[in-house]
Amino acid sequence: MLLSITKNIHEWLFSLMPENIASIVEMTIIAVIYLTGFAVAGLFLVLMERRIAAWFQLRRGPNRVGFHGILQTIADALKLVSKELTGTIKADKFLYNLAPYFVIITALLALAVFPFTKDFQAFDINIGILFLIAISSIGVIGILLAGWSSNNKFSLIGAMRSGVQTISYELSVSLSLLTIVLMTGTLQLSEIVEVQKNGWLIVQGHVPAVIAFMIYMIAGTAETNRTPFDLVEAESELGAGFHTEYSGMKFAYFFLAEFINMFIIASIATTVFFGAWLSPFGITESIPLLGIFWFLAKTFVIVFLMMWFRWSFPRLRIDQILTLEWKYLLPINLVNLVVMAIVVWLGLTIQF
Amino acid sequence: MAWLNNSILEDMGYFSDIYQGIKSLLTGMSITGKYFLNFRKGSITQQYPENRETLKMFERFRGEVIMPHDENNEHRCTGCQACEIACPNGTIEIIWDRQLDEESGKKKKMIDKHIYRLGMCTMCGLCIEACPTDAIKWGQNFENSVYDRKYLDRILNKPGSKLMKGVEDKE
């Protein structure tokens, strides 16, 4: 149904105006839809994080604004919009103002390639996973710029830590995804979903795929700078880290981007390991619209897992983070890659 | 052969580290997971203004210093000023004079006003420990917001109250 609507709009637009203008209008409409989804998802994730954090800590969480606190984050966002944008005198003004947009645009770019359901994918590029890996490491430029241009020692330390951490863990994310690509033989996300019609890749690849998933979750949490790896904004050491000097909407951009990055990491895991929009056990396969539900359900389970990490584990020291990556995750990952290659070569994958 | 054994042990140490690490992480997650599942039963915080009627502070809570009076408007304060001396920051001030005791017909030291300045009190509890007759106690009230600082200065003995009989005899 949804698909026929989009097709109708597409045809109507192209009949109405010349081809170039029609495609630009179409792109704009899609961008607006994604931006709306982006804002709603961000606000929802912040609320979810706060409620889940409260439940883990045996508190009640926000429950005043709206029914059971549903409107809390909207109220927070309105407050942030109305706030003054402050800045330091000695800040590098151009970079200082540019940094939040780097962070938020990379987060938006990554959203475009996910197959939310059959045919509901803004940009089905044939190097999808490579694109995602590349985009996710651009986000760190925004953080580095923010830390550098703020002209604040705390910000700079936070930004540099972020740089170290992201560059290190980028490797593990890429290698663990590469392990899965060995099975699919393609980088295109829609093709990867096709392959999973014979069983989710985490089931197909059994042991090496589970190891890859575990490594991916650890490295992905580090990529998003979330709590066991939140040296970037370690409150007890650095104030607010790289966004110490930001206020109002610019701070909100960083904040939203952080949560959207978590959603992106979870979405990649859903797409690559858990069959994206494919329903479990093949039920309701005939209704593609339900794919959005399945995709979001799987994603939020993984997001919940990341929140569970956050409220369970203490923060790592910088040397511990690097030890974990270079001495443990990377060697395990390389061995795992070889194991997966052997599994695929001997045809030991589980196919339904 | 010793070096070989050591290197093997170290190699085993690497893998047992991984095993221990994963095991301890899962232990931690299971503990927080149990808390998460029981958040309704075990919720520590309370819905405060709504539960004002039923809210009962715990026994040892230090809200403010009060002086209990019985039904005859009698308190237990002899005016010995032990609390005033014990107070480290001059929160308590006792104004007393010598009045005629009705029973014995002699002049006796009695309190006129027991002034307690809540705004200066650090809730250290030294006055309550110092009191020989248990005249002052911890109150449970914690809603102390007022519009002017002067309302925080309180006179603990009620107007017209007098000393309870038999308090002084104990000593």
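The numbers here are math on the coordinates, done by the rules we state, and not lab data. As the structure is a computational prediction, the values presented were derived from the model and not from experiment. All Cβ positions, even for glycine, are placed from backbone atoms using ideal geometry, and neighbour counts span all protein chains on display.
A convex hull fitted to the Cα coordinates of the protein assembly as shown yields 258 cubic angstrom per residue.
The simple spin-label model puts a point 7 Å past each Cα toward its Cβ; for B:Glu71 and A:Val25 those points are separated by 8.8 nm.
Is there a quick way to get the dipole size of region B:64-165? I mean about its Cα centre, with the Cβ of Lys and Arg at +1 and of Asp and Glu at -1; what is the value in debye to the nearest 20?
Numbers: 15 positive and 16 negative charges, 59 e Å.
It works out to roughly 280 debye.
Each part gets one Cα centre, and for region A:61-99 versus region B:10-83 those centres are 32 Å apart. Just so you know, the Rg over Rh for region A:222-272 is 1.04, from Cα atoms, with Rh as the Kirkwood radius.
Using the Cα centre of region A:1-95 as origin and beta-carbon charges of +1 (Lys, Arg) and -1 (Asp, Glu), tell me which of A:Asn8, A:Ala54, A:Ser82 is placed farthest towards the positive end of the dipole. Among A:Asn8, A:Ala54, A:Ser82, the one farthest towards the positive end of the dipole of region A:1-95 is A:Ala54. Net charge in the neighbourhood of A:Ala222 (other residues with Cβ under 15 Å of its Cβ; Lys, Arg +1, Asp, Glu -1) is -1.
For region A:87-345, the alpha carbon positions stretch 59, 39, 32 Å along the principal axes, listed from largest to smallest.
Bridgeable lysines around B:Lys107 (alpha carbons under 30 Å apart, same-chain partners fewer than 8 residues away excluded): B:Lys137, B:Lys158, B:Lys162, B:Lys165, B:Lys170. Helical content of chain B, expressed as a calculated mean residue ellipticity at 222 nm, amounts to -9000 deg cm²/dmol (DSSP H runs of 4 or more residues, -39,500 (n - 2.57) each, divided by residue number, nearest 500). The angle between the Cα long axis of helix B:2-37 and the longest principal axis of the Cα atoms of chain B comes to about 50 degrees, rounded to the nearest 10. Think of the protein assembly as shown as having a plus end and a minus end, set by charges on the Cβ of Lys, Arg, Asp and Glu; of A:Met17, A:Phe123, B:Pro88, B:Pro88 sits farthest toward the positive end of this dipole. Per residue, the Cα convex hull of chain B amounts to 262 Å³.
For the pair A:Asn198 and A:Val338, a Förster radius of 22 Å applied to the C-beta separation gives a FRET efficiency near 0.40, rounded to the nearest 0.05.
Bridging of A:Lys90 to lysines at a Cα separation below 22 Å is possible for A:Lys153, A:Lys250, once same-chain residues fewer than 8 apart are set aside. Here region A:7-97 is treated with +1 on each Lys and Arg Cβ and -1 on each Asp and Glu Cβ, and its dipole about the Cα centre works out to around 720 debye.
A Cβ-based charge dipole, computed about the Cα centre of region A:225-326 with Lys and Arg at +1 and Asp and Glu at -1, lands at about 260 debye. When B:Cys121, B:Cys83 are arranged by Cβ crowding within 10 Å, least crowded first, meaning fewest neighbours, the order is B:Cys121, B:Cys83.
Rounded to the nearest 5, what is the percent of antiparallel bridges among the DSSP beta bridges in the protein assembly as shown? If you can, show how the numbers build up before the last one.
On the way: 16 of 18 bridges.
Antiparallel bridges: around 90 percent, rounded to the nearest 5.
In order along region A:27-33, the phi-based Karplus estimate (6.51 cos²θ - 1.76 cosθ + 1.60, θ = phi - 60°) of 3J(HN,Hα) comes to 4, 4, 4, 4, 4, 5, 4 Hz; Gly and Pro are listed as x. Over region A:75-190, the pair-distance histogram of Cα-Cα distances with 5 Å bins from zero comes to 2, 10, 15, 17, 16, 14, 11, 8, 5, 2, 0 percent, rounded to whole numbers.
When the listed pairs A:Lys79/B:Lys41; A:Lys327/B:Lys23; B:Lys56/B:Lys150; A:Lys197/B:Lys34 are checked against a 30 Å cut-off, the alpha-carbon distance exceeds it for A:Lys79/B:Lys41; A:Lys197/B:Lys34. Determine, from the Cβ-Cβ distance of A:Gln351 and A:Leu95 and an R0 of 51 Å, the FRET efficiency 1/(1 + (r/R0)^6), rounded to the nearest 0.05. E(calc), rounded to 0.05, equals 0.50.
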